[in-house]
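Worksheet for the structure shown next.
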There are 2 protein chains.
Amino acid sequence: MSANPHHYGLILAGGRGTRFWPRSRRAYSKQVLRFGGDRSLIQETVDRLRPVLPPERIWILTNDHLRAKIVKQLPEVPNSQILAEPAQRNTAPAIGLAAHILQSIDPDAVMGVFPSDHMISKPAKYLSFVRPAFKAASAGKIVVLGIAPRWPETGYGYIEFPQGIKSGGKQPIAVRQFREKPDLKTATHYVRSGNFYWNAGMFFWKTSVLLEALRQFQPKTATLLASLPAFSNRQFGRKLKQTFPNCESVSIDYAVLEKASNVVGFATSDFGWSDVGSWNALYELLPHDANANVFRGEALAQSATGNYADAEGKLVALLGVKDLIIVDTPDALLIADRSRAQEVGDLVKTLERQKRVNLL
Amino acid sequence: MSANPHHYGLILAGGRGTRFWPRSRRAYSKQVLRFGGDRSLIQETVDRLRPVLPPERIWILTNDHLRAKIVKQLPEVPNSQILAEPAQRNTAPAIGLAAHILQSIDPDAVMGVFPSDHMISKPAKYLSFVRPAFKAASAGKIVVLGIAPRWPETGYGYIEFPQGIKSGGKQPIAVRQFREKPDLKTATHYVRSGNFYWNAGMFFWKTSVLLEALRQFQPKTATLLASLPAFSNRQFGRKLKQTFPNCESVSIDYAVLEKASNVVGFATSDFGWSDVGSWNALYELLPHDANANVFRGEALAQSATGNYADAEGKLVALLGVKDLIIVDTPDALLIADRSRAQEVGDLVKTLERQKRVNLL
């Protein structure tokens, strides 16, 4: 199937990924980092979409800290389609803004929304769901991709499908309900039930459908966005700076998905998805050596097991240590127990309180 | 008591201190490192001797890798008195060489031999033993300082005094016997006995007495050294390069102390001596924070206890880690369990086998 000229991709790339500190910084956050190979997460995102979305139809929303880096990493995406949000207003205004722009360019536009900081190890399998998702969106539906849950994760929202569904079908299924991040007991129930899928933030819709939903459920934001001039107008940037900060900060899940009635989804089968939520998640994803260590760069290990060491440009010598995350950068060195990898973001909060801006 | 003009100090500074890798390198080894304050161990050695030995009467034996660094660190010691041994031949030839030189300068010379890589936290107390040691040496004795053992160390030699002696006396005591490094059972017996003291490598003798002892017990080395021209002779350096490598590689303990009959010692009381044998020994010596951590440079610690972190110039962030040695340098980073600190030297041996000369 050749790429449909009305299909567009919106890549959301405004996140910080503080749990990947000290590699991840304001101006060098998770999506522009290389974790496995020689391409950054956002480069891999563009790469894997290429069979269905040529770079000319990719749009990217990021922030002022990151824009220059992303422009440099993605020379194939037109410079003018890599936009910095004037303010952080969560996903609903950002997606609404992109829909507004695309609608003005192509009234038949169908857009897919893609996170920029996830890994997908089976891209062909993944595209086998992206294609029917675009198709269902073209027919006027709001479409989500659900990920079959592999453990009772309490950090994700869930999509509830009807009971008895099967994974991997290529026909859209009516979504019963969106469920916010559950507690562990509820998450365990979800996983056992078989009809609850992780909401990984991958959405598809006609821009006209999304804008109509915003008018209905987020009238203030919809009105503000509607007041913007055409994207080609030279006043666009100035007006956006004035308007955007007044939009309500709310997620697209809460603003639209949980309220709309025409939502369908795909209960996908495994395409090797991971949101790589922490250094430990990355450790789990990468290939291990015989002592369960993962080394990026050169290492000398003696009685050392289960460690992740990332200190490119220098030798890391490990002696009798176990299950550590070691990440070295020119101005900061992190040593953490792997079981505490989720708390790395707290260290960054502490640095923020201490106003250590050079380390953020 | 003013400094006696016939008293000289020989500081032995040829060691490598591989257990302090990656800070310690061939050209930057333990004795030239700063561990606590702002003076290196060899600078502290010269400093603490100053009340009894002015720098003009300090001589230093080191190697070609280190000489330039030591010259730089000790501008007060005459350049010509900082010598590089042409080859590593253990302590007997080195001490014999120094005695030969001093004897040619001052036939009444009395020399003290001092390691350059130990710490002494109570220098005044220490000098209260150095002074009578010089005095006993002036009277023709071979003199050693014994350190009251604080645990059954198996890595040191022991000095056996007669039973019933008391620590801290300022009168020399005849030494019964020198004991080589014991096994743990023997060391435990030594510590309980009360008359066994650690041999910390601090010796005093007239140069004439030492040279006579060498002639008696190490005739080959004595003959080789006697063949050297006077130190002031411009052929001295060239001849030394030819001669020294032919000396027998043997310790002064084995060559002289264990064999001589005129050996006396001081059973010293605590002057805060430590040979700082490993990163863990250093950790134990330095002041700890409320969570038993020792940080050199800036740190951010969350649920971290008992760690030693030395990464000057960058922030070290610790999260949920315990009892680690962390030492960061521009080309190598060491992470070791504190209980394994003795094995750091093995890592260096591995690097030697791998011919990683830039890391040695």
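Observations, loosely collected:
- 15 Å cut-off, amide nitrogen to a point 7 angstrom out along residue B:27 Cα→Cβ, residues in the stretch B:74-88: none
- Scaled to the globular estimate 2.2 N^0.38 Å, the Cα spread of the stretch A:265-310, given as radius of gyration, is 1.50.
- Within the straight-line cut-off of under 25 Å between alpha carbons, the lysines reachable from residue B:185 are B:166, sequence neighbours fewer than 8 places apart in one chain being disregarded.
- Model label zone, residue B:354; criterion: amide N under 19 Å from point 7 Å along Cα-to-beta-carbon; scope the stretch B:312-326: B:326
- Peptide B:311-318 has a mean shielding of 6, counted as Cβ atoms of other protein chains within 10 Å of each residue's Cβ.
- When peptides A:89-95, A:124-130 are ranked by their average number of other Cβ atoms within 10 Å per residue, the highest-first order is A:89-95, A:124-130.
- Set of lysines near residue A:239 by C-alpha distance (under 29 Å), chain-local residues within fewer than 8 positions excluded: A:69, A:72, A:206, A:220
- Sorted from shortest to longest, the distances between the residue A:245 label points of this copy and the other copies are 7.6 nm, with each point 7 Å from Cα along the line through the beta carbon.
- Computing Rg and the Kirkwood Rh from the Cα coordinates of the stretch B:19-105 gives a ratio, Rg/Rh, of 0.97.
- Summarising the label geometry, the points placed 7 Å from Cα in the beta-carbon direction at residue A:241 and residue A:125 lie 4.7 nm from one another.
- Rounded Å value of the spacing that divides the Cα centres of the stretch A:170-240 and the stretch A:38-70: 20 Å
- The convex hull around the C-alpha trace of chain B, projected and averaged over every direction, spans 18.7 square nanometres.
- For the stretch B:281-359, the Kirkwood estimate of the hydrodynamic radius, built from every pair of different alpha carbons, is 13.4 Å.
- If R0 is 51 Å, the Cβ-Cβ spacing of residue A:292 and residue B:223 corresponds to a FRET efficiency of close to 0.25.
- Peptides A:263-270, B:281-288 ordered by average Cβ neighbours within 10 Å, highest first: A:263-270, B:281-288
- Inverse mean reciprocal Cα-Cα distance (Kirkwood Rh) of the stretch A:136-281, Å: 16.9 Å
- Computed over the Cα atoms of the protein assembly as shown, pair by distinct pair, the Kirkwood hydrodynamic radius stands at 30.7 angstrom.
- Shielding score for B:298-304, defined as the mean number of other chain Cβ atoms within 10 Å: 4
- Across peptide A:327-339, the average count of Cβ atoms from other chains found within 10 Å of a residue's Cβ is 6.
- Calculated mean residue ellipticity, 222 nm, the protein assembly as shown: -8500 deg cm²/dmol, from DSSP H runs (n ≥ 4) at -39500 (n - 2.57) each, averaged per residue and rounded to 500.
- In chain B, the DSSP beta bridges split such that about 45 percent are antiparallel, to the nearest 5.
Taken together, the values in this text are just the output of simple stated rules run on the coordinates, not laboratory data. None of the values given here were measured: they were computed from a predicted structure. Note that each Cβ is placed from the backbone with ideal geometry, even for glycine, and that neighbours are counted across all protein chains shown.
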